[in-house]
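Report on the structure given below.
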Ligand SMILES: [Zn+2]
Ligand SMILES: [Zn+2]
């Protein structure tokens with residue numbers, strides 16, 4: 001098993017532990033170790049042979065023990081036990097996804113809104129991941145704390161993007177927005193702005209506790225919007241701390257499928273939204289998916305390889321995930 005495979009095992013353990021409030025710190029330790037493996041991609045077999053696994057960032061004796069078993073046997077009894085305890089056992093209809101074929105991330109942030117890195121740093125980060133394209137999708141204006149972009153700032157951003165594109169020609173930069181879904185399902189930017197952007201991710205961020213009928217109307221309106229390409233973190237949940245929005249998932253997912261709007265699997269370990277169970281249900285409703293890091297810094301691109309287990313557990317075939325499309329086909333899909 002390679003570093004990414006091992007990172008996915010640790011990531012799933014972290015995810016399952018997160019569901020038990022008493023295991024919060026252990027959960028974070030496993031997620032952090034998974035992240036470090038996904039970033040560094042060390043030669044685990046060599047480190048195991050020389051008994052040096054604990055030299056890895058974030059890998060203490062306990063996590064090293066899990067890694068040893070994974071490297072020796074290809075599996076983890078600890079993970080199997082957690083799956084049973086959390087009533088999320090392995091299934092025999094999971095899919096096989098090869099991260100090496102992943103072409104690019106369509107949901108990321110830069111210092112234009114609440115990202116921690118410049119657009120140039122993010123573009124270089126995507127290049128280092130070997131990506132063919134990157135969607136730069138900063139926030140819309142409504143949430144003041146994230147310094148969201150209005151039409152004027154989007155225009156300035158597009159000028160900077162042209163400069164960055166010239167410096168990083170190997171990664172096709174797509175200008176997008178993560179636009180807020182307002183309480184009534186309208187979007188936080190006018191259509192005349194949205195139609196100019198390469199990728200529109202519509203996300204629920206506030207008022208997630210709306211009562212289900214109103215929330216259903218809100219989400220139905222968002223997925224029916226002609227310029228929306230992807231619904232970002234569709235429930236807004238935070239495993240272990242915040243339940244996601246509750247709505248008629250079947251109605252909304254089927255409507256999303258009908259409009260060709262993809263649902264996101266946001267691989268940020270603090271989100272993991274959709275969950276494996278919800279993603280499986282969305283697949284049955286006919287949806288396509290975007291599997292994204294929602295990266296706010298270049299290192300966070302590595303949330304995708306470590307979180308890809310989620311799409312596999314949901315049984316999603318690679319051809320239902322936008323990020324495996326070559327750029328020309330992606331462009332068509334986002335039209
Ligand atoms: Zn968001
Ligand atoms: Zn985001």
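The values are calculated or read from the model by the stated rules, or taken from the named source; none is laboratory data. Everything quoted here is computed from the prediction, not taken from an experiment. For neighbour counting, all protein chains shown are included, and Cβ atoms are generated from backbone atoms with ideal geometry for every residue, glycine included.
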TODO: Report those helices (runs of 4 or more DSSP H) wholly inside region 43-154 carrying at least 2 residues which are under 23 Å from the mean Cα position of the chain (by Cα).
DONE: 77-85, 119-128
- [ ] Those residues that are free of Cβ contacts under 8 Å to residues at least 60 places away in the same chain and within 15 Å of ligand 1 (Cβ to nearest atom), I need them from region 220-239; list them, please.
- [x] 222, 228, 231, 234, 235, 236, 237, 238
- [ ] Among what's in region 139-164 and is within 26 Å of residue 221 (Cβ to Cβ) and in contact with a helix residue (DSSP H, G or I) (Cβ under 7 Å, 6 or more places away or on another chain), pick the residue that is nearest to ligand 1 (Cβ to nearest atom).
- [x] 139
TODO: Search region 263-291 for residues being free of Cβ contacts under 8 Å to residues at least 40 places away in the same chain and within 13 Å of ligand 1 (Cβ to nearest atom), and hand back the single one that is farthest from residue 34 (Cα to Cα).
DONE: 271
Task: Yes/no for residue 167 being at pLDDT 95 or above, touching a helix residue (DSSP H, G or I) at 6+ places or on another chain (Cβ under 9 Å) and loosely packed, with under 13 Cβ neighbours inside 10 Å - done: yes
- [ ] From the list 296, 259, 233, 225, pick out the single residue that is modelled with pLDDT of 95 or more, farther than 30 Å from residue 124 by Cβ and touching a strand residue (DSSP E or B) at 6+ places or on another chain (Cβ under 9 Å).
- [x] 225
